[in-house]
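Accompanying notes for the structure given below.
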Amino acid sequence: MLVALGWQMTRAYSRANEPPARQVAAEFLDSVGCSMTPPATSGPPAFTDITLEAGLNFVHDNDANGRFALPEIIGSGCALLDYDGDDDLDIFLAAGGPITGERTPQRCALYRNEAGRFSDVTDASRAGVPGPAYGVTCADYDRDGDVDIFITCLGPDVLLHNNGNGTFDDVSDVAGVADPGFGTGATFFDFDRDGWLDLYVCRYVDWRPAIEQSCFAPVGLRDYCHPTTYEAPSVHRLYHNRGDGTFEDVTEAAGISAARGNGLGAAAEDFDGDGRVDLYVANDATPAFLWHNMGDGRFENVADNRGCAYDCRGIAIAGMGVACEDFDADGDFDLMVTNIRGQSHLLLENNAGAFSDISSAMGAPRWSLSRTGFGICVFDQDLDGSLDAFIANGAVNLSPAALHGESPYAEPQQFVRFDDGRLVDASGGSGADFVDVGRGAASGDIDGDGDVDLLASSNNGRARLLRNDAPVGNHWLMVDARLSNGLTSAIGAEIEAHAGDRVWHRIVRPNIGYLSSSDPRVHFGLGNAMVVDRLIVRWPDGSRAERTDVATNQVLRVVQDLPAEVVP
Amino acid sequence: MSGSCSPSLALDAVSIGVIAVGSAILMGWWIPVASLQPTLMPPVNVVTASDGLRHAEVDHAALKGACAAAGLPQPPDVNRIDAVPVDRLVTAMNDWVQEREPAALGRMGQIYLALGFDAPALECFAAAASLEPEPTLWTYMAGVCCQSLGQHEAAQTLLERARTREPSYPTTFARLATLALEEGELERAGRLFGAHIERQPGSVLGYNGMGQVALAGGNARDAEKWFERAVAASPDDFRAWRLYSRALALNGNTDGSRQALARAAGLTQYEGWAAFDERLGQAHEVAATQSSLEEAVRRALGDRDPSRAMAALEVLHERRPQDIATIGNLALVYQRAGRHAEAMTMIRDGCATHPDSILAHERLADIAILQQRFDEALAATETLIRLDPRSVRGHELRGRVQYALNRQDEGIASVTRALELAPERGDLRILLATLLLHAGRAAEAEPIVLDVLKRDAGNQQAKAMLESIRAQGSGKPTYGPG
């Protein structure tokens, strides 16, 4: 008994003096350089959440009630647009459920910017389209001088015509764009260069309640199914603008019906420099499309041949949001596509229309593998001349660690910077790393101080407004390119700014990202350049204008065929 | 009476004194020893939810306290998740508390990993690896966690250690090669993929990797050769065909590229490393997750082992009693195992409890067809189509049943509708052509067969059908295969 007692005592004391396993683990991980916390940025936050003080009060309702229906995880888009033509940005937010069943639908919301406070003018404007709505795409499709709004839905899509007096009318049927189906991302672009904006509409899974299935998370709970579970990719839609307020569905004639995909986002761009606008389409777990514009009204999907159908491993990524910017400053436009947790966001470098997967070279796996990214806004936050990006994150499958929190699908949002040719995570302390089920994101100068602010939508959560608190000292230029009527944004216009030995390229392309629409004015961060030596505008019709010695720190309105003017 | 104690009394007094002193000493020692006794974890209770799933119910505060006392990483809140893995987790925790075996920490890591709790998984593997560097499983798993979290340097270090100590496990080389490829270290990536292939000849992961290295290095010719080997080794690997297609396109072989891409379509897509790293599957087995049962079913069906599939499905059914997919699949397996009555009872009950389930009525149709209960099968397909008018399977099954009931024209119409809904389905074309031929409508079958051959020139079934049609003398001009 004494021996046994002595053995027990020895064992007990020995254990008491052992370092705890968690300490052993921490030391071990430290010894191999493993750090789970992103480094905090020094200095004040880059962004401040001004949602409440700005009067924005919109909470999305995704109609989740235990059915785990696929549309519940798509979320909704948001838009920054100047609907009333008073030179400031207003807000439009897509509404949520009900997806099935009968209850009062949530309605889309329009907020008018009144000197930095936003007033809900939904009812007065008649813009309160009932949900479930997903994508918001803004453009003046009829060139009457007011920006209109196209909304994709689970069911017939909706085109709201801006009457120019603060109200909208639903002209979907008259315009011929009320196609039923699961509409998601859309983009206005002029594919035949006739001066009228045409419309491409992504369709997601060909979903209806009957095909819903039950899927389970590893923790043994019901969860949302992978989109490929349904085996129902869709044909997308292409509408040709007739110029008389109506559209013709040219999906079949243009060859768009040749491919099916779970479409979510699209970017219109002349990727191969042949003078015709092409389309990259991000599909969810089905190969991406690259619709090459053949110039005769037809498109051919050349994604596989051009190296952008899937990533370098041959995987069709869960492509959600699309950004299209000149990341490598070589004069053509590259692509960045957000992706699901466990896979890196995809960065595709454009080489005269052929693409290379440079995700790893850019460092994307290091900060994106543990997140599910949706909305993406690429802009120069600190005006230093290099692009940065805000990514709206939110899981589509249960996150066990968040199971007992406010939402089991919430994730920290991210803010990344281009640094020495790589993208680095600058989220910590940025003010843009709040936890949410992020979906849409739109960018624009909301407060008129020359830097780019953010609007972020949330799946089943509150929309947020983030003010950019860029440091003082660097210079900027905003270019508001308009067609000859002086009112309509020149979507598709390319703007090139030269300052010293640096050159920046931008495109007027508000319909980008995930289900969202941004400020159509093009923004340049110029670092310490105090003047733009040359500003070149290539208009959608191919004509060109150039100005020299453009002063910085101003909004310059450039109207086709007219002298430029400064917007006060 | 004398004034001194008797010897027996003295002995008693001494004995009592010794016992008293000894007890005091023991008490003085025992209390602190007792206080050093390990605190076991609180018990895991099981609560059955309304959907039949059995969830764990654990006093989270007590669990946290017990883990803190045991020096374990902070546990996540495991309430309301699958009770079986939670029970295994707590058992592993108690094993650690009582035995302090690093393997218990490792098992905890495996269970955390399988459930998706990445951070505590990594902590457990790290602790286990530090305490027990040999065998290298825990070091390897810590490296796997770091790789999935984007911690490349740490993953590199840990996987290198695992490779050095255990050079026989092929996947370590593939993981290191992937890290090297992502960092642009092509030469190193090539060497490592090569080492992987040496240890696992015929590995599609290795061939794909070598091909990717070649592509990254701008050598499309070499890449094509590697992907050619990949598709030969694994004709069902969708990545191999896609990457092969890419290499062919880069080398100017447009037709070959298109055909390779067509081969990729319809193949099952996998994601991540689960398809190649058996240690990830082992984690799920240790945790006894429902995913491990699903995988067991898949493997058993792939191995054409219905009894193994049945066993796994029965356990899964017990854990998910109301899941119609499990019910349907189990019923089908019963049917194939000859347990016809059970199969039919099970699926009929499933349809009754899930009247709006497409899957339930599909399975009922499948089983009824196998049992030649064609009227019941027809009713099931009608329900299927009522629930989802665009159900391709519904129209297809209805067509087959109508044909079996000698309602040939209706059957042909149904399959035609299925094909309209899914024009990319070559098998539906073959089915339609077959029905037409049997109905004596060879002239209508021929263009359909030719369409199949135009899309898939090597389709043997279509070639045989064309020969048969031509032998019957359709009287139509001869078409080439396209």
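The values are calculated or read from the model by the stated rules, or taken from the named source; none is laboratory data. Bear in mind the structure is a predicted one, so any value in this text is a computation, not a measurement. Positions of Cβ are generated from backbone atoms using ideal geometry, with glycine treated the same way; all protein chains shown enter the neighbour counts. For accessibility, only protein heavy atoms count, side chains too; no ligands or nucleic acids. Shrake-Rupley method; radii C 1.70, N 1.55, O 1.52, S 1.80 Å.
Here are the numbers for this structure:
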read-out	value
Residue selected from segment B:313-353 under the condition among the small types (Gly, Ala, Ser), more than 14 Å from chain A (Cβ to nearest Cβ) and buried (at least 23 other Cβ atoms within 10 Å of the Cβ), by the criterion nearest to the chain's Cα centre (by Cα)	B:Ala331
Filter pass, B:Thr91 being buried (at least 20 other Cβ atoms within 10 Å of the Cβ) and of a type in the set (S, T, N, Q)	no
Matching residues, segment B:222-238, being in contact with a helix residue (DSSP H, G or I) (Cβ under 6 Å, 6 or more places away or on another chain) and open to solvent by 20 Å² or more (accessible area, probe 1.4 Å)	B:Asp222, B:Glu224, B:Trp226, B:Arg229, B:Ala233, B:Ser234
Leading residue by the ranking (nearest to the other protein chains (Cβ to nearest Cβ)) among those in segment B:195-204 that are open to solvent by 20 Å² or more (accessible area, probe 1.4 Å) and in a helix (DSSP H, G or I)	B:Ile197
Residue list for segment A:228-244, filter: surrounded by fewer than 17 Cβ atoms within 10 Å (Cβ to Cβ) and touching a residue at least 40 places away in the same chain (Cβ under 8 Å)	A:Arg242, A:Gly243
Residues that are within 14 Å of another protein chain (Cβ to nearest Cβ) and open to solvent by 40 Å² or more (accessible area, probe 1.4 Å), drawn from segment A:322-353	A:Arg341, A:Gly342, A:Glu349, A:Asn351
Listing of helices (runs of 4 or more DSSP H) fully contained in segment B:227-332 that carry 3 or more residues being modelled with pLDDT of 95 or more, closer than 29 Å to B:Asp118 by Cα and of a type in the set (A, V, I, L, M)	B:278-287, B:306-319
Residue within segment B:354-371 that is out of contact with any helix residue (DSSP H, G or I) (no Cβ under 7 Å at 6 or more places or on another chain), away from chain A (no Cβ under 11 Å) and touching a residue at least 24 places away in the same chain (Cβ under 8 Å) present	no
Test: residue in segment A:255-273 that is open to solvent by 20 Å² or more (accessible area, probe 1.4 Å), acidic (Asp, Glu) and under 25 Å from A:Ala175 (Cβ atoms)	no
Test: residue in segment A:360-381 that is away from chain B (no Cβ under 13 Å) and surrounded by fewer than 20 Cβ atoms within 10 Å (Cβ to Cβ)	no
The lone exception for B:Gln259 - which of (1) free of Cβ contacts under 8 Å to residues at least 24 places away in the same chain; (2) surrounded by fewer than 16 Cβ atoms within 10 Å (Cβ to Cβ) it fails	(2)
Only one of B:Glu420, B:Glu396, B:Glu410, B:Glu467 that is within 14 Å of another protein chain (Cβ to nearest Cβ) and surrounded by fewer than 17 Cβ atoms within 10 Å (Cβ to Cβ)	B:Glu420
Residues within segment B:333-373 that are of a type in the set (Lys, Arg), assigned to a helix (DSSP H, G or I) and out of contact with any Cys (no Cβ under 9 Å at 6 or more places or on another chain), tallied	2
Among (1) within 12 Å of another protein chain (Cβ to nearest Cβ); (2) not in a loop (DSSP other than H, G, I, E, B) - the single one B:Asn94 does not satisfy	(1)
Some residue of segment B:177-192 being away from chain A (no Cβ under 14 Å), open to solvent by 50 Å² or more (accessible area, probe 1.4 Å), under 25 Å from the mean Cα position of the chain (by Cα) and not small (Gly, Ala, Ser)	no
Condition broken by B:Ala62, with the remaining ones in (1) in contact with a Pro (Cβ under 9 Å, 6 or more places away or on another chain); (2) aliphatic (A, V, I, L, M); (3) within 9 Å of chain A (Cβ to nearest Cβ) satisfied	(3)
Filter result for B:Gln74 (part of a loop (DSSP other than H, G, I, E, B), out of contact with any His (no Cβ under 8 Å at 6 or more places or on another chain) and either at pLDDT 95 or above or surrounded by fewer than 20 Cβ atoms within 10 Å (Cβ to Cβ) (or both))	yes
Subset of segment A:480-523 that is among the charged types (D, E, K, R) and in a loop (DSSP other than H, G, I, E, B) - its residue that is surrounded by the fewest Cβ atoms within 10 Å (Cβ to Cβ)	A:Asp501
Residue count, segment B:211-221 (criterion: more than 13 Å from every other protein chain (Cβ to nearest Cβ), in contact (Cβ under 8 Å) with a residue 12 or more places away in the chain and either within 18 Å of B:Gln147 (Cβ to Cβ) or buried (at least 17 other Cβ atoms within 10 Å of the Cβ) (or both))	0
Selection within segment A:285-306 - in contact with a Lys or Arg (Cβ under 7 Å, 6 or more places away or on another chain), buried (at least 24 other Cβ atoms within 10 Å of the Cβ) and either facing another protein chain (nearest Cβ under 10 Å) or more than 22 Å from B:Leu250 (Cβ to Cβ) (or both)	A:Asn293
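Listed here are the residues, each with its yes/no results for (1) over 46 Å from the mean Cα position of the chain (by Cα); (2) surrounded by 13 or more Cβ atoms within 10 Å (Cβ to Cβ); (3) modelled with pLDDT of 95 or more; (4) closer than 18 Å to B:Met93 by Cβ.
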residue: B:Ser8; (1), (2), (3), (4): yes, no, no, no
residue: B:Val21; (1), (2), (3), (4): yes, no, no, no
residue: B:Trp29; (1), (2), (3), (4): yes, yes, no, no
residue: B:Leu40; (1), (2), (3), (4): no, yes, no, yes
residue: B:Ala62; (1), (2), (3), (4): no, yes, yes, yes
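Every residue, every condition in (1) under 26 Å from A:Ala186 (Cα atoms); (2) under 29 Å from the mean Cα position of the chain (by Cα), yes or no:
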| position | (1), (2) |
| --- | --- |
| A:Pro520 | yes, yes |
| A:Leu526 | no, yes |
| A:Met530 | no, no |
| A:Glu546 | no, no |
| A:Asn553 | no, yes |
| A:Glu565 | no, no |
